[in-house]
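Only the coordinates and a few stated rules stand behind these numbers; no lab work does. This structure is a prediction, so every number in the text was calculated from the model and none was measured. Backbone-built Cβ (ideal geometry, glycine too); neighbour counts: all protein chains shown.
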Amino acid sequence: MAAARIRGFTLIEILVVLVIISIVTAVGLLSLGSLGVNPAAENAAQKLAAITDLVAQQAVMRGQQYGLRVSPHAYEFLVYDGSKWSPASDDELLHPRQLDSSVTLSLELQGTAIHLPVSKPVGDDLLARDAGDNQTEIKPQILLLSSGELTPFIITLQGADGKYSYRVTGDLQHGIRYVPPDQNNAG
């Protein structure tokens with residue numbers, strides 16, 4: 001009499017199925033994690049934080065005073081020559097930056113919201129200066145000093161949807177940092 005043979009799954013087969021399920025789950029979670037975020041605002045915030053931190057370090061190394069001037073859709077670095085502030089045009093790192101029109105910047109200094117000047121396209125003198133003969137002296141809103149000190153600030157970047165905001169913060173205790181949306185309300 002031939003015995004009926006019952007065949008089950010081997011350990012290898014079960015492990016292969018578990019690996020496939022893990023890969024599919026990981027891909028699904030990664031794609032869900034990116035829903036609702038604004039890549040243009042996030043990239044702009046990360047870049048602003050990195051460049052501003054680098055300029056702050058450069059200020060200390062070179063013994064030079066720098067400033068940051070922010071508008072709703074652009075920012076630029078200024079250099080102090082001992083008597084006045086001027087755009088830092090000779091350094092590639094410090095060139096003016098126009099952001100995507102869907103990204104809006106706002107600025108807070110010591111807990112107070114600052115009214116930002118209207119920005120113009122890069123080719124037309126980046127940050128608003130009085131047109132015509134009535135030129136006014138430009139001044140930065142944020143100072144990055146050669147002593148390592150800086151004006152405490154919070155720059156918030158939002159996309160057109162306004163759902164998620166990315167922050168770049170600066171203070172003496174923590175330095176200059178990028179803060180993603182999930183940490184905006186955390187201390």
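Odds and ends about this structure:
- In the range 48-89, the trypsin sites (Lys or Arg not before Pro) that fall in loop regions by DSSP, at most 12 other Cβ within 10 Å: Lys84
- The Cα-based radius of gyration of the range 39-183, divided by its Kirkwood radius, gives an Rg/Rh of 0.95.
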